[in-house]
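The values are calculated or read from the model by the stated rules, or taken from the named source; none is laboratory data. In this text, all values refer to a predicted model and were calculated from it rather than measured experimentally. Counting neighbours? That spans all protein chains shown, and the Cβs are built from the backbone with ideal geometry, glycine included.
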Amino acid sequence: MSREDTAVKRMAQLLKSGATMLERICPQCNVPLFRLKSGEIICPSCGQRFVIVQSEEEEIRVYENEALKELERILTSKIYKMTAEIRNVSDVSELSDLLKSVYEILKVIEISRRIREKGGYENKTDKG
């Protein structure tokens, strides 16, 4: 089966599942993009995911959100590694240092999630 046939078959499956074909095309494949019921936008051919923005401000918010999610993923993996260290540590002072580090990482994750839930950083400039 050719790549084109596979893409057409995938498009038909997406339509049957309630996805919407968009007017925009994938810059890689030149195949129409689809919006899933979840709101995600994907290319049925290469599987790449897209975010469509209407303004520069919206683009910045998307980048902020993705950067914060990546930070949270990295910090969570650090906590996972530290958990293994905590399991094996016998020195109370070393344990205390590890726990302080975990606590600080958890605070950063919490702040990051609050920022994402609020929809970005607060604008501190007064334009009025």
query = Across region 68-89, which residue is nearest to the chain's Cα centre (by Cα) among those that are among the hydrophobic types (A, V, I, L, M, F, W, C) and over 12 Å from residue 109 (Cβ atoms)?
reply = 82
remark   = Of (1) touching a helix residue (DSSP H, G or I) at 6+ places or on another chain (Cβ under 9 Å); (2) surrounded by fewer than 13 Cβ atoms within 10 Å (Cβ to Cβ); (3) closer than 30 Å to residue 18 by Cα, residue 83 satisfies every one except (3)
query = Of all residues in region 1-44, how many are closer than 20 Å to residue 119 by Cβ and surrounded by 12 or more Cβ atoms within 10 Å (Cβ to Cβ)?
reply = 2
message = Could you go through region 97-113 and let me know if any residue there is loosely packed, with under 14 Cβ neighbours inside 10 Å, touching a residue at least 24 places away in the same chain (Cβ under 8 Å) and hydroxyl-bearing (Ser, Thr, Tyr).
response = no
ask   = For region 54-105, how many residues are at pLDDT below 90 and not acidic (Asp, Glu)?
value = 7
key: Residue selected from region 11-41 under the condition within 24 Å of the chain's Cα centre (by Cα) and of a type in the set (Lys, Arg), by the criterion farthest from residue 52 (Cα to Cα)   = 37
Set 47, 120: member being modelled with pLDDT under 95, in contact with an Asp or Glu (Cβ under 6 Å, 6 or more places away or on another chain) and surrounded by 10 or more Cβ atoms within 10 Å (Cβ to Cβ) = 120
key: Close pairs from region 20-39: first of a type in the set (Ser, Thr, Tyr), partner surrounded by 14 or more Cβ atoms within 10 Å (Cβ to Cβ) and part of a strand (DSSP E or B), Cβ under 7 Å, at least 6 apart   = 20/34; 20/35
